[in-house]
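Presented below is the structure to which this report refers.
The values are calculated or read from the model by the stated rules, or taken from the named source; none is laboratory data. Keep in mind the model is a prediction, meaning the values are calculated, not measured. Counting neighbours? That spans all protein chains shown, and the Cβs are built from the backbone with ideal geometry, glycine included. To get the accessible areas, we keep the full protein, side chains included, count just its heavy atoms, and leave off ligands, DNA and RNA. Shrake-Rupley method; radii C 1.70, N 1.55, O 1.52, S 1.80 Å.
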Amino acid sequence: MKIIGITGNAGGGKSAAVSYFQSRGIGTISADKINTGLLMQCEFLPPAIEKILQTSVTQTDGSLDKSRLRDITFSSKQHRQKLEELLHPVIMQNISIQLALLPENRYCIIEIPLLFEAHLESRVDRVILITASRQTLLARLCSRNDSKQDIAESILDNQLQDNEKFSATDDIVLNTQDLDALHSCLDLLHNQYI
């Protein structure tokens, strides 16, 4: 089975693309969903994260404060790298397990936002880059989760710029319009892959 990686900067539309492929009966795995699941369900992670960051990231009820964690993570490259060193191996192990459990098909999709940053290109057979202008990305980031402009900019500044990914990308999808336009682009790729 061919493994196709979907990547792109925050706010680009990776999750919408993954949903599209799911609607076509294609097996999908999302590193973001795995990460969220780990952060919300693994009791050992909040204390480990607080030790790494040397500050509290939990709410009064003991649950993880995702907004605070995001703000701290993207305000310090050193904190972000330490957090990635903790989480990425666990996420990749989880992806490997999920991949083994997917039903056989012509291809499957793995969404890995930091595919290039984490040097995981060898884990996939083909790469789709979902991209949009920086202004579009910022607008999308600011509209979700009440992100502030400076945090949205910091998130984007901590990722490789899309033009740095072009040469290692097989398929580029410019996602600047509505979902119907995105789906039309993805229809072409789906038909090519099957």
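Table for the structure above
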| read-out | value |
| --- | --- |
| Pair list, Cβ < 6 Å and 6+ apart or interchain, from region 12-39 residues that are over 27 Å from Arg134 (Cβ atoms) to residues that are assigned to a strand (DSSP E or B) and open to solvent by 20 Å² or more (accessible area, probe 1.4 Å) | Gln22/Thr28 |
| Scan of region 117-170 for residues that are among the small types (Gly, Ala, Ser), crowded, with 16+ Cβ neighbours inside 10 Å and within 14 Å of Gly12 (Cβ to Cβ), ordered by number | Ala132, Ala152 |
| Qualifying residue in region 131-141 (condition: among the aliphatic types (A, V, I, L, M), farther than 21 Å from Lys77 by Cβ and over 17 Å from the mean Cα position of the chain (by Cα)) | yes |
| Criterion (surrounded by 12 or more Cβ atoms within 10 Å (Cβ to Cβ), in contact (Cβ under 8 Å) with a residue 40 or more places away in the chain and touching a strand residue (DSSP E or B) at 6+ places or on another chain (Cβ under 7 Å)) met by exactly one of Val90, Val173 | Val173 |
| Complete set of residues in region 5-32 that are within 17 Å of Leu83 (Cα to Cα) and out of contact with any helix residue (DSSP H, G or I) (no Cβ under 9 Å at 6 or more places or on another chain) | none |
| Filter pass, Ile130 being within 23 Å of Lys66 (Cβ to Cβ), among the aliphatic types (A, V, I, L, M) and in contact with a Ser or Thr (Cβ under 8 Å, 6 or more places away or on another chain) | yes |
| Neighbours by Cβ (under 9 Å, 6+ apart or cross-chain): first from region 94-107, in contact (Cβ under 8 Å) with a residue 60 or more places away in the chain; second in a helix (DSSP H, G or I) and open to solvent by 60 Å² or more (accessible area, probe 1.4 Å) | Ile95/Arg123 |
| Residue match in region 13-26 (condition: under 23 Å from Ala139 (Cα atoms) and assigned to a loop (DSSP other than H, G, I, E, B)) | yes |
| Residue within region 51-58 that is open to solvent by 60 Å² or more (accessible area, probe 1.4 Å) and free of Cβ contacts under 8 Å to residues at least 40 places away in the same chain present | yes |
